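Colleague: The structure under discussion is supplied below as C-alpha cells; questions concerning it will follow.
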Amino acid sequence: MSRPPKWRKVEFIPNIQYFVPLDSQTANIEENILRIEEVEAIRLKDVEKLEQEECAERMEVSRQTFQRILNTGREKIADSIINGKAIRIEGGNFTRNICPVKCLDCNKEWKESYENFEKIIKGDYSCPDCQSKKIVCQNTNGQKFCKRNCWRRGKTI
C-alpha cells in the first residue's frame, strides 16, 4: 500500500482557471489539467525567480518533489502550446496555511494547516515546542477553530 500524498502549501490560487487557444473550437478541444501545486511551483520559480531550495521550503516539500511538480507543470504547458490544447487549472493535493494558532501553555504561535485541525480538536496533536495539547485558533479568541478562514481544497475546485 502506497503512502498518501503530502499536502503542498500554496500561497496563490489563480482567478482564471481555463485557457484555450484563440483559433480553436472549444467543444472538441483536448485539454491538459494543471494542478494548483503545479501552478504554484511555476509561479515561485519562473515568476518570482526564487531558487529551487527556497521554492521547496515555501511549498513545504523536498527539493526533489518540487522539481517533479515543476517539470510536470512545464510539460503540460509546453504540450498545450505546441499541440494547441486548452489548459484547465484545478485540483491537486494542496493547502493554504492561513489560521494562526497558539499553545496556551508555552504561548508559542504559528500558522497551522486545516488538515491538522481535526487532530487538534480531538486532542491528538501537540505543540511542537512543549508537547501540550492546549492549542487554540487565534482568529476566534480561543473559543474554537474558525471555519470561515481555515479551509483546504482537495480534488476539485
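The values are calculated or read from the model by the stated rules, or taken from the named source; none is laboratory data. Predicted model, so just to flag it, every value in this text is computed and none were measured. Ideal geometry is used to build each Cβ from the backbone, glycine not excepted, and the neighbour counts take in all protein chains shown. Note: accessible area is taken over every heavy atom of the protein model, side chains too, but ligands, DNA and RNA are not part of it. Shrake-Rupley method; radii C 1.70, N 1.55, O 1.52, S 1.80 Å.
Colleague: Could you identify the single residue in T72, T156, T65 that is modelled with pLDDT of 90 or more, of a type in the set (V, I, T), closer than 20 Å to N32 by Cβ and not in a strand (DSSP E or B)?
Modeller: T72
Colleague: Taking the options N32, N15, name whichever one is among the polar types (S, T, N, Q) and under 20 Å from N83 (Cβ atoms).
Modeller: Step by step, each of N32, N15 is checked, and only N32 is among the polar types (S, T, N, Q) and under 20 Å from N83 (Cβ atoms).
Colleague: Let me ask something additional. What residue, of M1, M59, is without any contact (Cβ under 8 Å) to a residue 60 or more places away in the chain, within 16 Å of N93 (Cβ to Cβ) and among the aliphatic types (A, V, I, L, M)?
Modeller: M59
Colleague: Which pairs do you get when a residue that is closer than 18 Å to T95 by Cβ, found in segment 108-130, comes within reach of a residue that is acidic (D, E), reach meaning Cβ atoms under 8 angstrom, with the pair 6+ apart or on two chains?
Modeller: Listed by first residue and then by second, the contacts come to I120/E112.
Colleague: Of the residues that sit in segment 44-62 and are farther than 30 Å from V20 by Cα and part of a loop (DSSP other than H, G, I, E, B), which one is modelled with the highest pLDDT?
Modeller: So the residue we want is E51.
Colleague: Follow-up. Within segment 99-132, can you find the residues that are among the basic types (K, R) and modelled with pLDDT of 85 or more?
Modeller: K102, K108
Colleague: With the condition kept exactly as written, say whether any residue in segment 34-43 is open to solvent by 80 Å² or more (accessible area, probe 1.4 Å), part of a helix (DSSP H, G or I), of a type outside the set (D, E, K, R) and in contact (Cβ under 8 Å) with a residue 24 or more places away in the chain.
Modeller: no
Colleague: Here's another thing I want to ask about it. If V20 passes every condition in (1) modelled with pLDDT under 95; (2) surrounded by 15 or more Cβ atoms within 10 Å (Cβ to Cβ); (3) under 15 Å from the mean Cα position of the chain (by Cα) but one, which one does it miss?
Modeller: Tallying (1) modelled with pLDDT under 95; (2) surrounded by 15 or more Cβ atoms within 10 Å (Cβ to Cβ); (3) under 15 Å from the mean Cα position of the chain (by Cα), V20 fails exactly one: (3).
Colleague: In this structure, does D124 turn out to be in a helix (DSSP H, G or I) and surrounded by fewer than 16 Cβ atoms within 10 Å (Cβ to Cβ)?
Modeller: Spelling it out, it is not the case that D124 is in a helix (DSSP H, G or I) and surrounded by fewer than 16 Cβ atoms within 10 Å (Cβ to Cβ).
Colleague: Out of the residues in segment 79-95 that are closer than 17 Å to I69 by Cα and in a loop (DSSP other than H, G, I, E, B), which is farthest from the chain's Cα centre (by Cα)?
Modeller: Only one residue tops the list, namely E90.
Colleague: Looking at this structure, is K102 over 12 Å from the mean Cα position of the chain (by Cα), outside any helix (DSSP H, G or I), among the charged types (D, E, K, R) and at positive phi?
Modeller: Considered against the rule, which asks whether it is over 12 Å from the mean Cα position of the chain (by Cα), outside any helix (DSSP H, G or I), among the charged types (D, E, K, R) and at positive phi, K102 comes out as no.
Colleague: Separate question: Pick from segment 71-85 the residues that are in contact (Cβ under 8 Å) with a residue 24 or more places away in the chain and not hydroxyl-bearing (S, T, Y): which of them is surrounded by the fewest Cβ atoms within 10 Å (Cβ to Cβ)?
Modeller: Step one: list which residues in segment 71-85 are in contact (Cβ under 8 Å) with a residue 24 or more places away in the chain, which gives 72-74, 76-77, 79-80, 83-85.
So of that shortlist, the ones also not hydroxyl-bearing (S, T, Y) come out as 73-74, 76-77, 79, 83-85.
Details: G73: 22, R74: 15, K76: 19, I77: 19, D79: 14, N83: 10, G84: 14, K85: 19.
Out of the qualifying residues, it is N83.
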